[in-house]
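Data first, discussion second: the structure below is written as structure tokens.
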Amino acid sequence: MAAEHSCDISLAITGSGGAGAITAGELLLELAGRNGCLGMMRRSFGPQIRGGEAAALVRISHRPVECMNDSFDLLLALDWRNAERFAEEIALRPDSLIIADPDAGAIPEPIRALGIELVEVPMQALARDIPAGRPNLVALGLLAHWLDICPDEAGRVIDHVFLGKGEAIVQGSRQAFVAGFGHPVIAQARQARPRPDGNRVFEGERWDLSGNEGCGIGALRGGIRFAAAYPITPASDLLEWLAPRLEQLGGSLLQAEDELASINMVIGASFGGVPALTATSGPGLALMLEAMGLAVAAEVPAVVVNVMRGGPSTGIPTKSEQADLNMALYGLHGDAPHLVLGALDHADCILTTEWGVRLAEALQTLAVVLTDQNLAQSRVLIPEPAYALPDLPARQLAGPGADYCRYALTDSGISPMAIPGTPGCTYVADGLEHDERGKPSSAAADHHAQLDKRQRKIAGFDYGNLWADVRGTGEIAILTWGSSAAAAHEAAERLSRRGEAVRVVALRLLLPASPEKLAQALSGVSRVLVVEQSHGRQFHHYLRAYYDVEAETRVLARPGPLPITPGEIVAAIENWS
Amino acid sequence: MSRTAAPATMAATPKDYKSDIKPVWCPGCGDFAVLNAITKALAFLELPREAVAMITGIGCSSRIAAYTSVYGFHGVHGRALALAAGLKAARPELTVLAAGGDGDGLSIGGNHFIHACRRNMDLTYIIMDNEVYGMTKGQASPTTAPDWADGKLTPRGTGIRPFQPAGLALAAGASFIARGFTGDPNGLAKILVEAIRHPGFAFVHALSPCPTFRPEQMEWKRQVRGFDIEPTDDPVEAARRIQADDGMSIGVVYRNAYPVFRPGGAGGESGGESGGVRGGGSMAAIERELRL
């Protein structure tokens with residue numbers, strides 16, 4: 001289907017450190033966006049801190065996309081240094097196209113062996129002739145022409161990015177773009193294959209959003225005004241995004257000495273009445289677990305966004321995996337009911353984080369919001385996100401008074417919380433088991449009553465219909481969570497176009513579990529494909545622990561670092577026999 | 001006991017700052033005197049109970065939060081200073097005290113201690129030092145002498161030189177360093193008043209004997225003496241005094257007017273350099289940044 005193909009293009013731009021592959025990709029996505037397209041970009045880096053090879057993986061489409069496609073239509077190599085590192089990430093087809101610089105050295109043999117059409121453009125030589133010209137801007141011009149993107153916006157996009165770097169850079173960049181855009185080989189290459197349609201197709205408001213930024217927006221919307229931060233890949237950008245913006249809203253961010261401190265700072269701030277959050281990744285979450293139990297026991301609202309990466313241990317810090325699920329669900333010591341949520345796509349990072357914050361505040365407990373590197377550090381151009389959260393009560397506060405019972409055994413399990421400064425209500429928040437007043441107690445009755453209370457407030461709450469994103473009908477269902485949901489939706493759409501109705505159930509609320517709701521969502525389903533990015537099948541084991549799935553079930557579970565693609569899911573369903 | 005704060009017109013008494021919970025401490029424990037000194041200091045300063053928070057970790061001495069009538073948080077082992085920093089960042093107008101033992105503050109919480117010193121938030125931190133883990137019944141701590149052979153995990157002594165808490169605080173950049181002794185509760189209360197009034201991180205090292213596991217510490221009352229000079233603001237001089245001392249001199253040894261850290265510039269003075277305009281922005285403006 002040429003028309004469909006033409007509206008959904010995947011390109012990879014690779015280069016060694018400093019070649020500007022990432023900049024070219026970002027500019028291309030922005031340019032496509034200004035031309036009415038939607039899209040997504042993932043960055044891929046080698047392990048070096050600076051100067052390593054980098055790849056911009058860009059998908060441009062006329063419809064919202066939330067995951068990368070199975071293969072790439074075009075690979076543009078600014079040079080070939082360490083390009084083989086990206087080989088498994090950039091799948092090419094026989095009808096793909098490679099654009100390379102003849103002066104950048106020989107094409108690595110594994111790539112040449114694919115026999116893919118090669119177009120040679122002397123990007124370095126073209127750039128050399130332009131003062132302050134750079135090969136990556138030549139490449140941007142080539143790709144813009146190949147995509148039939150109207151070049152008028154290019155000047156504005158270049159100005160926007162390079163304005164701070166001086167007039168010479170701006171002019172050089174504009175000229176390099178023009179040199180690429182006008183290069184004759186692209187016109188020839190375009191004639192040989194289906195071409196993208198560059199017409200303006202999307203006129204509505206669009207956002208340019210990373211998953212980490214989405215979590216940041218959701219946190220602020222939810223009322224977070226304090227964050228504690230210890231740097232860790234791939235969560236640091238979320239914390240860095242929050243730092244100035246919290247201050248703009250009158251809040252603050254405190255850089256901690258370690259994750260043990262950051263989670264305790266969050267609990268301290270929240271004890272003080274200010275909604276508080278931290279963000280981390282697997283190893284950091286492991287360090288926070290002890291104090292996460294304190295938040296549960298002392299009933300202090302606290303939010304931890306955990307951006308999952310390849311594990312265990314240092315694992316693969318710059319790549320994605322969905323393998324911290326077990327830790328988020330079961331890592332706390334003692335019987336510690338808490339909330340675990342998983343964001344499903346970029347826009348959903350906003351919703352899920354805001355919901356997590358509001359639930360933590362309403363229920364005076366810990367909420368863990370799970371995302372992953374794939375979601376957190378990729379960018380999408382999407383229609384302006386819109387969602388509606390059900391009305392949630394704010395944190396229930398105690399007014400000035402006498403005879404205050406911090407941990408009163410209420411029917412809902414939620415007890416009014418006195419904030420320091422409130423006269424007459426002084427109490428001691430305690431991780432020691434306590435009675436209703438907060439007095440330490442090891443009595444069986446107090447322990448049982450407080451355990452019941454902490455469970456009751458979470459189990460008895462009505463979470464409404466946000467527990468999952470349920471789409472489609474059909475006797476086959478894909479049951480998934482987190483960022484794998486995007487690939488599942490795309491797989492379901494492909495199968496639907498072929499006449500195979502598939503429904504997708506993506507769980508957003510993992511704890512507490514919603515077994516009755518899932519049973520209803522799966523009614524009439526005869527086959528369930530569980531999809532997750534975990535070698536140990538953590539999601540599947542979670543499903544077996546909390547749910548009765550009666551349909552025949554298979555599991556597509558594999559580890560990172562490569563994201564699960566729609567094609568893999570389609571194949572798993574097509575090969576079911 | 002009434003739970004409402006004493007009106008400003010009525011002189012507060014130390015008793016107003018005590019809860020009705022009976023301490024778990026052994027008879028003769030120095031921590032009783034620390035509790036008395038804290039409540040005396042709070043009464044002297046006439047701080048409303050609801051404007052004070054006492055944050056502690058885990059251990060015998062960390063139980064102290066429950067024995068006061070101010071707001072309190074009895075958290076996890078070693079993290080009192082992190083809880084306190086978060087609370088102070090969120091609520092700069094509160095008077096925030098943190099307290100705990102030598103194991104809590106210098107072993108499991110050692111990293112937080114040195115970073116709290118250099119961060120210099122406006123907190124008061126009291127280490128109640130008895131050179132032993134009491135709640136777990138008698139193990140050596142980071143301040144235990146190397147030849148103390150009664151430690152159940154170190155039957156031949158630790159063989160490790162102990163931390164010098166005042167020297168550690170000085171090296172880490174604390175702006176107020178004092179040592180007090182529970183055998184002199186009035187002197188300790190006076191030190192605490194100064195510590196609470198000090199703008200910045202005030203470290204009070206309270207020698208607090210353990211009659212149960214370190215009965216020989218009952219001799220401390222014959223060994224302590226006052227620093228015979230005024231506090232210095234010269235860290236080199238402070239280091240000399242601390243190094244020359246046997247650890248039994250009490251009083252304020254060092255005081256300096258380092259800038260007080262307030263995250264996000266909360267409460268006026270600037271803290272970090274984030275480029276943000278504190279409180280001047282709006283959610284709508286932040287969301288506009290994400291529009292294409």
Fill in: Checking A:Gly36 against (1) of a type outside the set (Asp, Glu); (2) surrounded by 24 or more Cβ atoms within 10 Å (Cβ to Cβ); (3) over 24 Å from A:Ala571 (Cβ atoms), the condition it does not meet
(2)
Item to complete: Considering only region A:465-577, give the helices (runs of 4 or more DSSP H) lying wholly within it that have at least 3 residues that are surrounded by fewer than 23 Cβ atoms within 10 Å (Cβ to Cβ) and touching a Phe, Trp or Tyr at 6+ places or on another chain (Cβ under 9 Å).
Response: A:515-521
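For (1) on the phi > 0 side of the Ramachandran plot; (2) outside the structural domain of A:Ser526 (by TED's automatic domain parsing), each residue gets a yes or a no:
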{"site": "A:Leu409", "(1), (2)": "no, yes"}
{"site": "A:Ala429", "(1), (2)": "no, yes"}
{"site": "A:His434", "(1), (2)": "no, yes"}
{"site": "A:Arg437", "(1), (2)": "no, yes"}
{"site": "A:Ala445", "(1), (2)": "no, yes"}
{"site": "A:His448", "(1), (2)": "no, yes"}
{"site": "A:Lys457", "(1), (2)": "no, yes"}
{"site": "A:Gly472", "(1), (2)": "yes, no"}
{"site": "A:Glu475", "(1), (2)": "no, no"}
Worksheet entry | Odd one out for B:Ala98 among (1) facing chain A (nearest Cβ under 7 Å); (2) in contact with a helix residue (DSSP H, G or I) (Cβ under 9 Å, 6 or more places away or on another chain); (3) of a type outside the set (Asp, Glu) | (1)
Discussion item. Restricting to region B:49-64, name every residue that is in a loop (DSSP other than H, G, I, E, B) and at negative phi.
Written reply: B:Gly57, B:Ile58, B:Cys60
Item to complete: Specify the residue that is surrounded by the fewest Cβ atoms within 10 Å (Cβ to Cβ); the eligible residues are those in region B:65-77 that are part of a loop (DSSP other than H, G, I, E, B) and touching a strand residue (DSSP E or B) at 6+ places or on another chain (Cβ under 8 Å).
Response: B:Ser69
Worksheet item: Of the residues that make up region B:221-239, is at least one of a type outside the set (Lys, Arg), closer than 26 Å to B:Gly59 by Cα and touching a Pro at 6+ places or on another chain (Cβ under 7 Å)?
Response: no
Discussion item. Quick check on my filter: what residues within region A:72-90 are surrounded by fewer than 20 Cβ atoms within 10 Å (Cβ to Cβ) and modelled with pLDDT of 95 or more?
Written reply: none
Item to complete: Return yes when A:Gly46 is surrounded by fewer than 19 Cβ atoms within 10 Å (Cβ to Cβ), within 21 Å of the chain's Cα centre (by Cα) and modelled with pLDDT under 95 and no when it is not.
Response: yes
Practice prompt. Six or more apart or on different chains, Cβ under 6 Å: which pairs go from a residue in region A:440-462 that's in contact (Cβ under 8 Å) with a residue 60 or more places away in the chain to one that's part of a loop (DSSP other than H, G, I, E, B) and of a type in the set (Val, Ile, Thr)? Could you list them?
Written response: A:Lys457/A:Ile414
Item to complete: Considering each of A:Glu290, A:Glu321 in turn, give the residue that is touching a His at 6+ places or on another chain (Cβ under 9 Å), among the charged types (D, E, K, R) and away from chain B (no Cβ under 14 Å).
Response: A:Glu321
Practice prompt. Please work out which residue is farthest from the other protein chains (Cβ to nearest Cβ), limiting yourself to region A:424-449 and to residues that are among the aliphatic types (A, V, I, L, M) and closer than 20 Å to B:His77 by Cα.
Written response: A:Leu432
Worksheet item: So which of B:Ala65, B:Ala89 ends up being at the interface with chain A (Cβ under 8 Å from one of its Cβ atoms) and more than 25 Å from B:Cys210 (Cα to Cα)?
Response: B:Ala89
Worksheet item: When region B:24-48 is examined, which residues are found to be within 14 Å of chain A (Cβ to nearest Cβ), under 25 Å from B:Ala11 (Cα atoms) and part of a loop (DSSP other than H, G, I, E, B)?
Response: B:Leu47, B:Pro48
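Only one of B:Ser69, B:Ser61 is touching a residue at least 24 places away in the same chain (Cβ under 8 Å) and touching a Lys or Arg at 6+ places or on another chain (Cβ under 6 Å). Can you tell me which?
B:Ser69
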Practice prompt. Evaluate region A:241-257: report whether one residue or more is assigned to a helix (DSSP H, G or I) and more than 9 Å from chain B (Cβ to nearest Cβ).
Written response: yes
Discussion item. Looking at region A:316-364 only, could you name the residues that are among the hydroxyl-bearing types (Ser, Thr, Tyr) and surrounded by fewer than 24 Cβ atoms within 10 Å (Cβ to Cβ)?
Written reply: A:Thr318, A:Tyr330
Worksheet item: Being facing chain B (nearest Cβ under 8 Å), crowded, with 24+ Cβ neighbours inside 10 Å and within 22 Å of the chain's Cα centre (by Cα), is that true of even one residue in region A:265-280?
Response: yes
Worksheet item: For region A:149-157, does any single residue satisfy the condition of being under 24 Å from A:Arg93 (Cα atoms) and either small (Gly, Ala, Ser) or in the same structural domain as A:Thr23 (by TED's automatic domain parsing) (or both)?
Response: yes
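The values are calculated or read from the model by the stated rules, or taken from the named source; none is laboratory data. Since we're looking at a predicted model, the values are computed, not measured. Positions of Cβ are backbone-derived with ideal geometry, glycine not excepted, and every protein chain shown enters the neighbour counts.
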